[in-house]
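Chemist: Handing you a structure now.
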Amino acid sequence: MIDADGVAVATGGSTLLPPVSVVVGPGEALVVRGGNGAGKTTLLRVLAGSRRPTSGVVRIDGDAVDPRDRGFRRRVASMIGLPPMAPDLTVADHVLLVAATWVDESTAGSLAGSVLAELGLSALGRRFPHELSSGQTQLFGLALVLARPFDVLIVDEPEQRLDPEHLEVVGRALRARRDGGATLVVATHSRPLAEAIGDRFLQLDPAA
Amino acid sequence: MSPRPRPAVAIWRARSTTTTGDRLYLGYLLVAVAGVVVAPLARALWQGLTGAEGIAALTTSTAPASAGLIVAAVWAAALLLGRERGPALLPPFLLHALATSDLPYRVVFRGPLLRCGALVVAICTGAAGLTGASLAHRGFASAEQAVVFTIVGALVGVVATAAWLAGQTHPRVALPVAIGVVALASGGLSSPALQASTPWGWVGLAYPLGTAPPPPGALAGLVALALVAVAVVPALLSRLRPAETAVQAARWQAATSSALGTEFGAAATVYRKAPHVGRRVRAVRPGHGLGVAFFVRDAIGAARTPGRLVVGLIALGVGGLLLGYAVVSPGPGWLLGAAAGLIVFAATGPLTDGIRHAAAVAADVPLYGIGDGRLLVSHSMLPLAVVVLVLVSAAVVVSLSAANGAPILSAMALGVTTLLLRVGQALKGPLPPVLLTPISSPMGDPMAAVRVLWALDGLLFAAVIGAAATVGLDAPLALLAAAGLVAGVVAQRWRHRA
């Protein structure tokens, strides 16, 4: 599903991502690990199409990465940092609106409801984003990304701001997507999360 | 200042790395700005007030009542301003250090309150003095009357400062009181009895027009009111709540930091109201098509900050009326049109949260199942409908009274172009690094002015659009050029969105 061949990113004489080659198939979860500055987020940005590699090629399902291409948008969901959140929508409103743009409007409600329940956010459905704690905001961001169909899911450090209990919730949700046939690429510093979802690991080391 | 806070204030001030050279440069800047900007503006203001049109406006039969209404509006505005940014405020760290000590608040906040009060009193005194001097200069009032009115201005400033503080200490009461003051003042315009028994009515009675001296009762009433205002300040200060004051201080520091960095949009965001009502109303109702869903979602989203929405709609109507009068006025109305453009631009803020969200999404990884362009268009439908409806309605009112249909076309052009400008502002992004590059020239570094222009481009474009809409039918090329310029900026920012 994902085929990255010699992908590297450099800017202003600095190497942000040393050359990486990796292939991840359907139903596989690749956990990207490495210290701060190793290039984990840069690699994820390249895979999601928000950063162009200075060398190398990425293909997803055989096609070039292009976030403005309709097919690419449908295949690839990603959360690299928190997604933009509308301040005037409640949690339930926002997840439903995102779902309604991806699936038939009659089934959007059930999709949104199931994602909220899966992440333990059902009770917070009537809150506005500014009324959420930092951990709840992280879960809300993940709910926005999961409330849609996809073949590839790219997530950067989903463990941020989460307590162990909610980290387990997120681990279950990601594992369920992998078991459902999606390709996962997750960058994380969390060993429990990595062990919960990963069946392959990619260790990145900071460029010299 | 009481001796006890002095050590803390001294430590705070010691953080400053300002050198003598910096102070000298600041002084040079102040003198230069005073000479290049303030003096010509003051001269133009004086010439405007003492000119034929200015004097005609100051000497109409409704001028005294209007002065009273303006004063009531100033006091109401002071109450409302106190809810967001009161006069008793210190930088967050200093506030924490002093407000959590055993020092009484009247000691802690005396300095900032006196500084804010002095500023307000100076502004009110200056405005009243300028009005009185203009009338005396053209022989419509005696020098004594002008001096008395100047003193009245100072008293108004004292009361306004107390109202500002009262808004800070009693934010919940401030809103209904402010509405009541404005309603009472507006309703009492036609009632002489009410004029004589209300503080704003006393201001109207002291207005320096004609030969009759101001009634002693009115002056005594204003003096008594100002004394009461000063007397209640310690009691008001003792009602300050540390938590709310700390929030105000943090917001003010964030806003000023952004503004000093020419990030005026970010500064305004600090004071943008977050929604708290309407959470039980479903904003998203799929089943009737995405176009309808986004329209309804934007409408309910805007209604979740009702005060902000109402103020925006009222301002939109006022902007539309101003534009209409600018179009039908016999003289050159471009200045009024520019003011209308600015008001309409500001008024569209509460209606364009969806556009800003769409721009943020367009600059990020895909979130919605529709393209960035369609998302932006979907979020533009509600503001477009509301802006055109309100502006055209206001234009129709003016058109009917002036038997001239031109304001309607101007209103539509202004509405559509202003929304296009809003899209451009939403897509603007951070300051381009190239603008930080210094360039030496015989006149100094022009990039500082370029950065200010970049920061204020929204307001400048809004004024240009408003002025162009005013002359739209007489000089359609001007309107087309202004709209084309804005469209070009939007297209350029759209192409370079992250």
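Chemist: Scan around A:Arg200 for amide H atoms under 5 Å from its own, H built in the peptide plane at 1.01 Å from N, and keep only partners 5 or more places away or cross-chain.
Modeler: Long-range HN contacts for A:Arg200: A:Ala29, A:Val31.
Chemist: While we're here: Tabulate in residue order the Karplus-calculated ³J(HN,Hα) for region B:65-81, using 6.51 cos²θ - 1.76 cosθ + 1.60 with θ = phi - 60°, rounded to whole Hz; enter x for Gly and Pro.
Modeler: Values per residue, Gly and Pro as x: 5, 5, 4, x, 5, 5, 5, 4, 5, 5, 5, 5, 5, 5, 4, 5, 4 Hz.
Chemist: Using +1 on the beta carbon of Lys and Arg, -1 on that of Asp and Glu, and nothing else charged, what's the dipole of chain A about the Cα centre, debye to 20? Don't skip to the answer; put the middle values down first.
Modeler: Details: 21 positive and 24 negative charges, 65 e Å.
In total the dipole reaches around 320 debye.
Chemist: Using 17 Å as the cut-off for backbone N distance, which residues of region B:309-338 belong to the label zone defined by a point 7 Å from the Cα of B:Ala402 along Cα→Cβ?
Modeler: B:317-338, by backbone N distance to the label point.
Chemist: Among A:Leu43, B:Leu313, B:Leu58, which comes first, then next, by fewest other beta-carbon atoms within 10 Å? Before the final figure, lay out the partial values.
Modeler: On the way: A:Leu43 30, B:Leu313 17, B:Leu58 22.
Fewest-to-most Cβ neighbours within 10 Å comes out as B:Leu313, B:Leu58, A:Leu43.
Chemist: So what are the ³J(HN,Hα) numbers for region A:8-21, from phi and the Karplus equation (6.51, -1.76, 1.60; θ = phi - 60°), rounded to whole Hz, Gly and Pro as x?
Modeler: For region A:8-21, the Karplus curve yields 9, 9, 9, 8, x, x, 9, 8, 8, 9, x, x, 10, 10 Hz.
Chemist: Report, in deg cm²/dmol and to the nearest 500, the calculated mean residue ellipticity at 222 nm for chain A, where each DSSP H run with n ≥ 4 adds -39500 (n - 2.57) and the sum is divided by the residue count. The partial results should precede the final answer.
Modeler: Numbers: 7 runs with 77 residues, N = 208.
Here the helix-only value at 222 nm equals -11000 deg cm²/dmol.
Chemist: Let me ask something else. Please compute the length gained on full extension between B:Arg285 and B:Thr18, using 0.36 nm multiplied by the number of residues separating them and subtracting their Cα-Cα distance.
Modeler: Numbers: separation 267, 0.36 × 267 = 96.12 nm, distance 5.71 nm.
Here the answer is 90.4 nm.
Chemist: Output the relative contact order of chain B, whole-number percent, from Cα pairs under 8 angstrom with separation of 6+ residues.
Modeler: Values: 640 pairs, mean separation 62.9, N = 498.
Normalised by residue count, the contact order of chain B is 13 percent.
Chemist: With point charges of +1 on the Cβ of Lys and Arg and -1 on the Cβ of Asp and Glu, referenced to the Cα centre of region B:1-129, which listed residue (B:Val33, B:Gly51, B:Gly86) lies farthest in the positive direction of the dipole?
Modeler: Farthest along the dipole direction, towards plus: B:Gly86.
Chemist: Same structure again: Tell me which of B:Ala231, B:Ile123, B:Ala185 sits at the most positive position along the dipole axis of chain B, charges placed on C-beta atoms (Lys, Arg +1; Asp, Glu -1).
Modeler: With unit charges placed on the Cβ atoms, the residue in question is B:Ala231.
Chemist: To continue, here is another question. Quick one: of the DSSP bridges fully inside the protein assembly as shown, what percent are antiparallel, nearest 5? Each step should come with its number before you reach the end.
Modeler: On the way: 14 of 31 bridges.
The answer is about 45 percent antiparallel.
Chemist: Counting other beta carbons within 10 Å of each residue's own, what order do B:Trp200, B:Trp46, A:Trp102 fall into, fewest first? Spell out each step's value before the answer.
Modeler: Values: B:Trp200 27, B:Trp46 15, A:Trp102 20.
In increasing order of surrounding Cβ atoms, one gets B:Trp46, A:Trp102, B:Trp200.
Chemist: Sticking with this one: Which ordering of B:Ile439, A:Ile154, B:Ile343 is given by a fewest-first count of other beta-carbon atoms within 10 Å? List each step's numbers first, then the result.
Modeler: Numbers: B:Ile439 10, A:Ile154 29, B:Ile343 21.
Arranged by neighbour count, lowest to highest, B:Ile439, A:Ile154, B:Ile343 become B:Ile439, B:Ile343, A:Ile154.
Chemist: In Å and from the alpha-carbon atoms only, list the Rg and Dmax of the protein assembly as shown.
Modeler: Cα-based Rg and Dmax for the protein assembly as shown come out at 30.0, 94 Å.
Chemist: Once you charge only the Cβ atoms, +1 for Lys and Arg and -1 for Asp and Glu, what is the size of the charge dipole of chain B about its Cα centre, to the nearest 20 debye? All intermediate terms of the calculation are to be shown ahead of the outcome.
Modeler: Details: 33 positive and 14 negative charges, 311 e Å.
So the magnitude is around 1500 debye.
Chemist: What's the local net charge at B:Thr305, with K and R +1, D and E -1, over the other residues with C-beta under 9 Å away? Show your work: numbers first, answer last.
Modeler: On the way: positive: B:Arg272, B:Lys273, B:Arg304, B:Arg308; negative: A:Asp88, B:Asp353.
Local net charge: +2.
Chemist: Quick one: putting +1 on the C-beta of Lys and Arg, -1 on the C-beta of Asp and Glu, what dipole do you get for region A:122-175 around its Cα centre, in Debye to the nearest 20?
Modeler: Numbers: 6 positive and 8 negative charges, 58 e Å.
For region A:122-175, the charge dipole is close to 280 debye.
Chemist: Per DSSP helix of 4 or more residues, -39500 (n - 2.57); summed, then divided by the residues of chain B. What does that give at 222 nm, rounded to the nearest 500? Before the final figure, lay out each step's value.
Modeler: Numbers: 24 runs with 366 residues, N = 498.
Value at 222 nm, helices only: -24000 deg cm²/dmol.
Chemist: Here's another thing I want to ask about it. Once label points are set 7 Å from the Cα along Cα→Cβ at both B:Thr62 and B:Leu114, what is their separation, rounded to one decimal in nm?
Modeler: Modelled inter-label distance: 4.3 nm.
Chemist: If amide hydrogens are placed 1.01 Å from N in the peptide plane, which non-local residues have theirs closer than 5 Å to the one on A:Thr183?
Modeler: It is A:Gly27, A:Val152, A:Leu153, by chain and number.
Chemist: Give me the percent relative contact order of region B:285-495, please, defined on Cα pairs under 8 angstrom at least 6 residues apart. Intermediate results must be reported in sequence, preceding the final value.
Modeler: Values: 279 pairs, mean separation 56.1, N = 211.
Over region B:285-495, the number comes to 27 percent.
Chemist: Using only the C-alpha atoms of chain B, find the volume of their convex hull and express it per residue in Å³.
Modeler: Working: hull volume 100.5 nm³, N = 498.
Enclosed volume per residue, from the Cα hull, is 202 Å³.
Chemist: Over region B:319-358, what relative contact order in percent results from Cα pairs under 8 Å that are six or more residues apart? Provide the component values of the computation, followed by the final result.
Modeler: Details: 23 pairs, mean separation 15.1, N = 40.
Answer for region B:319-358 is 38 percent.
Chemist: Ok, one more. Please name which of A:Phe72, A:Ala187, A:Ala4 has its Cα lying farthest along the dipole of region A:2-203 towards the positive end, using unit charges on Cβ (Lys, Arg +1; Asp, Glu -1) and the Cα centre as origin.
Modeler: Positive-end residue among those listed: A:Ala4.
Bear in mind that the values in this text are calculations on the coordinates, not laboratory data. Given the structure is predicted, the values throughout are model-derived calculations rather than measurements. All Cβ positions, glycine included, derive from the backbone under ideal geometry; neighbour counts span all protein chains shown.
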